[in-house]
1. Evaluate the following for N308: is it crowded, with 19+ Cβ neighbours inside 10 Å and modelled with pLDDT of 95 or more?
2. Give just the number: which of (1) in contact (Cβ under 8 Å) with a residue 60 or more places away in the chain; (2) β-branched (V, I, T); (3) surrounded by fewer than 22 Cβ atoms within 10 Å (Cβ to Cβ) does V417 not satisfy?
3. When you check E273 against the structure, is it among the acidic types (D, E), surrounded by fewer than 20 Cβ atoms within 10 Å (Cβ to Cβ) and at pLDDT below 95, yes or no?
4. Return yes when I535 is closer than 25 Å to P331 by Cβ, of a type in the set (A, V, I, L, M) and in contact with a helix residue (DSSP H, G or I) (Cβ under 6 Å, 6 or more places away or on another chain) and no when it is not.
5. Tell me the strands (runs of 3 or more DSSP E) entirely within segment 599-704 that contain at least 2 residues that are more than 30 Å from V781 (Cβ to Cβ) and at pLDDT below 95.
6. Is it true that some residue in segment 478-488 is over 21 Å from P193 (Cβ atoms) and in contact (Cβ under 8 Å) with a residue 40 or more places away in the chain?
7. Among the listed residues Y692, Y745, identify the single one that is touching a residue at least 60 places away in the same chain (Cβ under 8 Å), in contact with a strand residue (DSSP E or B) (Cβ under 9 Å, 6 or more places away or on another chain) and aromatic (F, W, Y).
8. Hey, any hits in segment 661-672 for a residue that's in contact with a helix residue (DSSP H, G or I) (Cβ under 6 Å, 6 or more places away or on another chain), farther than 23 Å from A835 by Cβ and surrounded by 20 or more Cβ atoms within 10 Å (Cβ to Cβ)?
Amino acid sequence: MNHLPTGYLTLKKLLFPALLLTATLSKAQTFGGNPPSIKWRQVNTPAARVIFPVGLDSAGLNVANIMSQMNNRIRPTIGGRQKQISVVLQNQTTVANGYVGLAPFRSEFYLTPEQNSFDIGSLPWPQQLAIHEFRHVQQYNNFNVGLSRVLSFIFGEGGQALGNDLAIPNWLFEGDAVFNETLVSEQGRGRLPLFLTGYRALWAADKNYSYMKLRNGSYRDYVPDHYPLGYMMVAYGREKYGNEIWKNITHDAAAYRGGFYPFQWAVKKYTGESFKAFSVNTFSYFKQQFVEDSKQPAAERKRHFDANRQYPAFVDDSTLIYMKTTYDNLPAFVAKTGGVERKISTRSSSIDNYFDYSTGKIVYAAYRPDLRWGYRNYSELMLLDIKTGREHRITSKTKYFAPAFNNNAERIVAVQVDPSGASTLHILDTAGNLKQVVPNAGKLFYTYPKFYGDDKLISATRNNKGEMALTVIDIATGKCENLTALSYRPIGFINLENDKLYYTQTDGKNDRLFVMMLDTKKVFEMLPSGKDSGIGFYQPAVSDTKLAWVSFTADGYQINKADKKELKWIDAGEQYARYLPDLGITALRSDSATHLLDKVVDRPLPVTKYSKAHGLFNFHSIIPNISDPNYSFAITGENVLNTFQSELSFDYNTNEGYKQFGFDAIYGALFPYISAGADYTLDRRSFFKGRYVYWNETAVHGGLRVPLNFSQGKRITGLTFGSDLYFNSINFQNPYKSSFADRSYSYLNNYISFSSQSQQAQKNIYPRFAQSIGLNYKSAVSGSGATQLLTTGVFYFPGLLVNHSFAISLAHQQKGKDNVISFSNDFPFSKGYTAENLDNMNKIGLTYHLPLAYPDAGFGNLFYIMRLRAALFFDYTHANATNFFTDGSSFKQNFRSAGGTLYFDTKFFNQNSITFGIRYSRLLDEDFFGGTGRNRIELVLPVSFF
């Protein structure tokens, strides 16, 4: 389930020390995500070891050369420390992404580019990732100083992550990396208007949020993420105080030279102004760059975020179809006639909101993960009937993007991206049958193709340098003709009406709307006659008499519509900027690394085999963890390919009071996973005839596990099952040896877990419909006849209002009648009671979750509350045990409790998401196994540290 699990501590325990240990590590990696058939190669340089599948030599060499040749040129602005990073190129995914993470220190590039060039640019995707992500490598190398280094010495790489997270804001990491990609290339997000559109929209609506709100976000209001905030801060700092300003600030901050607020202290030290003044001046500088933006009329402003409405398509002059996304509801296709919206259908899981419409049908690309391999996923075409709202998948296991119909909706063109990175145009029928592959001799990358008549296509294309143009492609031969000049200015969102080609292109500080007369190649800019509504002109749609387009506002993407006769047609001549803006940041032009990407040479480097056994035992961190009733810390290891995880651990169980030392390992490169381990446990106990009996236990285990992902369409579904064989040796402690004989036994631990949920909107506490079911059966196979069955289930349903949720939880645990040994107890006992492992236990729990308030407030850049929510509960457990008392009589009792939990969804230190709660339980029955009184108050704490 997509929620934070919780452990429990009484009020006698301290909350704040636990929170201080909480840090964020990269969760992007997927364990055992690649099939064993993939063979790996590597290029090894002092800066980076680049690891890639066979066949991606050119991408691997290019990335290695970029990192190697840039390393010395850009180090002066961040520091001189260097430690080699391992970079894994993943080519089986459909998601454009990349990361650098600690614990372990490694990077992964997901090599399929996205279609939207306005969003992240048009540079060749491996190059874009290299110039951005390698800056993160340099950051981590140079932030391992002072107290961060001490934490690294104590806790390993996870300790450095903790120190860096608490000292240096995440906007600095990303803003500095975006500045680097903008500096060394001729593009970069710092030059793309869409990148700063969110802030421009807020300023145009006079929504001047506090720094803490801009840092932490909101469940109610649109707040840009930390990337544009970071870029503005970094760019302003380098412009005013020189290129080494952030090297000095981050070094002192990571070392904690300024004490409790090291970053703010370092800003004051090196700039002479307070951090508050620095941020205010940053915003003032960039506001001046966009002073010409039209103010959003007060009458049009919404109090809070309304919705994103995108990709309009005309059914006729009076009806539009578009994609609508709100914070409360899932993305859905909507038809609007007049002022009335009608929902057509919820959209299946997708990478983006793009779709195409024609003659009553919608086609779009839906995301589907592979059944087994996490790094392999698909983009499959879906066909939706707008009258019935029914959809069906027409392709399977494909990587299709940006599909579009021809005029009579009998054919579809889609961009296919191969694992090699090659882009081709495929022509399909509406049943999903491939009819034609368009030749691509020029090795172009296609975005948003459209049919132009029966025998041609028009697409926005990128060449091997990342320059873009609008291109006409002959379907039969693949012959290409550029309609516009090649440029690094993004271009796309095309639409055709007879011989008029509508499109968006970046021009100066704005993304503008143009129309080209295809017969004359004459180009005009199109403007509404009144005031602009929102920032930018995107996704044009045309009917006989009307034009619609999308602009961004503080309330989300909004659709504007105008009569064609009311539009201004302005000759797109020499008056236009024809450049990408740097917004007055002269540091982008004066640094020695300016446009350094153009100077990188693909030098021949040795390509060698990369062994899958390399660095299997890669211990990197000591990690504390709470998962009540277990409290532990572990020395954790993971190899670069993420196929082998190993752990040395110590665990304390509060239910039974035992201490356990263990080693566990799991290998995930095969199907199924293979696991093994050994544990030594002190002070295991069980209740026998009115007293506790204690023993020590040695266990060795091995097993197989099968994880399967059945997610598709509108549901996220997973199934995991497996079995472990344990060999245990029990040695009773001295007071009990006369009554109990030491023994050895072996048992099977069989388990299966199933979860399925609908998609979840941003403000939904839980999915509207979800199920999580688990079954665990332990059965001795030698040495005893002991058994234990545990079944659990949680079922989520909609509440009274859209963001409310009602959950029913069920559990049953049954121990064998003649058990001589006792298995560990994981039964979810009624809240508030002291739990005991009894022969037969049954539970039903009812919980109602509801939001209470969205404060969007905090203090001291330390603590920020995004949401307060409540959970009202009633738990009923019935338990019994035979031969329980000293006279051999049985035990039977109900354990009922009712109460509520007040949860705080918070951000600590402006970036770490932490949910904790205060729970009151009223015990309706006696707490037989401990505690006095019927009123219990507990803290509900986060589970995972680091």
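The values are calculated or read from the model by the stated rules, or taken from the named source; none is laboratory data. Given the structure is predicted, the values throughout are model-derived calculations rather than measurements. Note: ideal-geometry Cβ built from the backbone for every residue, glycine included; neighbour counts use all protein chains shown.
1. Yes.
2. Of everything listed in (1) in contact (Cβ under 8 Å) with a residue 60 or more places away in the chain; (2) β-branched (V, I, T); (3) surrounded by fewer than 22 Cβ atoms within 10 Å (Cβ to Cβ), V417 misses just condition (3).
3. The answer is no for E273.
4. yes
5. The qualifying strands (runs of 3 or more DSSP E) are 619-627, 630-638.
6. Yes, some residue in segment 478-488 is over 21 Å from P193 (Cβ atoms) and in contact (Cβ under 8 Å) with a residue 40 or more places away in the chain.
7. Among Y692, Y745, only Y745 is touching a residue at least 60 places away in the same chain (Cβ under 8 Å), in contact with a strand residue (DSSP E or B) (Cβ under 9 Å, 6 or more places away or on another chain) and aromatic (F, W, Y).
8. The answer is no, given that none of the residues of segment 661-672 is in contact with a helix residue (DSSP H, G or I) (Cβ under 6 Å, 6 or more places away or on another chain), farther than 23 Å from A835 by Cβ and surrounded by 20 or more Cβ atoms within 10 Å (Cβ to Cβ).
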